[in-house]
Amino acid sequence: MYTWIIVLVLVVAKLALQLPLLARYGFHRDEFLYLSLGDHLAWGYWSNPPLIGWISALVQATLGDSIFAMRLVPILLSAGLIALVVLMARQMGGSWVAQLVAGTAALVVPPHLRAGAMFQPVIFDVFAWTLLTYLLVRWCHYEDKRWILWFGLVFGLGLLNKL
């Protein structure tokens, strides 16, 4: 029960911390590249694997190409990463205090604050590694082959980013 309260509080804190600052400054120069990749879909680019271009195209088609739209995805992935960290702490037998400490650390670590605020491949990479770790922990705990299948799927998608 405490786990979901901790997840909710930390995710709301993440969104409250970063959503108001989302469009306070313009696009970073790299974000222009990733926006452009969405307009020129391919199986790969000279600078990046294809996933960032595909996500850019999807975001532009559904939400538009505003700063808010493009940066919403990294912030939501960042919030999901915090939830995964808390769930991993629980899965490893951590008390509610351990879960809170792990989630708070994921919330406030400076590189994560930056990566989760810009539309760049970094947050997709960090999220993929965190999700892979979570799936591996679940597989070790339950020894259910379905977790390894999910691991393979996420790993394959992660390779399309830049794992």
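Could you count how many residues in region 33-58 are surrounded by 15 or more Cβ atoms within 10 Å (Cβ to Cβ) and in a helix (DSSP H, G or I)? Matching residues across region 33-58 total 12. Being small (Gly, Ala, Ser), modelled with pLDDT of 95 or more and either over 28 Å from Ile5 (Cβ atoms) or in contact with a strand residue (DSSP E or B) (Cβ under 6 Å, 6 or more places away or on another chain) (or both): is that true of Gly103 here? So Gly103 fails the test. Residue selection: Leu153 fails the criterion of being touching a Phe, Trp or Tyr at 6+ places or on another chain (Cβ under 9 Å) and either hydrophobic (A, V, I, L, M, F, W, C) or closer than 16 Å to Val11 by Cβ (or both). Pairs only if they're at least six apart or on different chains, beta carbon under 7 angstrom, first in region 59-79 and without any contact (Cβ under 8 Å) to a residue 12 or more places away in the chain and part of a helix (DSSP H, G or I), second buried (at least 16 other Cβ atoms within 10 Å of the Cβ) and β-branched (Val, Ile, Thr); list them, first residue then second. Filtered contacts from region 59-79: Ala69/Val59. Looking only at residues of region 95-115 that are of a type in the set (Gly, Ala, Ser) and crowded, with 17+ Cβ neighbours inside 10 Å, we find that the one that is farthest from the chain's Cα centre (by Cα) is Ala102. What are the residues in region 123-150 that are surrounded by fewer than 19 Cβ atoms within 10 Å (Cβ to Cβ), of a type outside the set (Asp, Glu) and either without any contact (Cβ under 8 Å) to a residue 40 or more places away in the chain or not in a helix (DSSP H, G or I) (or both), if any? Within region 123-150, Trp129, Leu132, Leu136, Trp139, Cys140, Tyr142, Lys145, Arg146, Trp147, Ile148, Leu149, Trp150 qualify.
Within region 102-137, the set of residues being more than 23 Å from Glu31 (Cβ to Cβ) and out of contact with any helix residue (DSSP H, G or I) (no Cβ under 6 Å at 6 or more places or on another chain) comprises Thr104, Ala105, Val108, Thr133, Leu136.
Within region 1-28, take every residue that is part of a helix (DSSP H, G or I) and hydroxyl-bearing (Ser, Thr, Tyr) and give me the one that is farthest from Leu76 (Cα to Cα). Break it down stepwise before answering.
First pass over region 1-28, keeping only residues part of a helix (DSSP H, G or I): 2-21.
Those left that are additionally hydroxyl-bearing (Ser, Thr, Tyr): 2-3.
Details: Tyr2: 22, Thr3: 19 Å.
So the residue we want is Tyr2.
Within region 65-92, the set of residues being small (Gly, Ala, Ser) and at pLDDT below 95 comprises Ser66, Ala69.
Sub-6 Å Cβ pairs linking a first residue in region 86-99 that is within 18 Å of Phe127 (Cα to Cα) and among the small types (Gly, Ala, Ser) to a second residue that is at pLDDT 95 or above and in a helix (DSSP H, G or I), at least 6 apart or interchain, are Ala89/Ala98; Ala89/Gln99; Ala89/Ala102, ordered by first then second residue.
Can you work out which of the residues in region 151-163 that are among the aliphatic types (A, V, I, L, M) and outside any helix (DSSP H, G or I) is surrounded by the fewest Cβ atoms within 10 Å (Cβ to Cβ)?
Leu163
The values are calculated or read from the model by the stated rules, or taken from the named source; none is laboratory data. Just so it is clear, the model here is predicted, and its values are computed rather than measured. We place every Cβ from the backbone using ideal geometry, glycine too, and count neighbours over all the protein chains shown.
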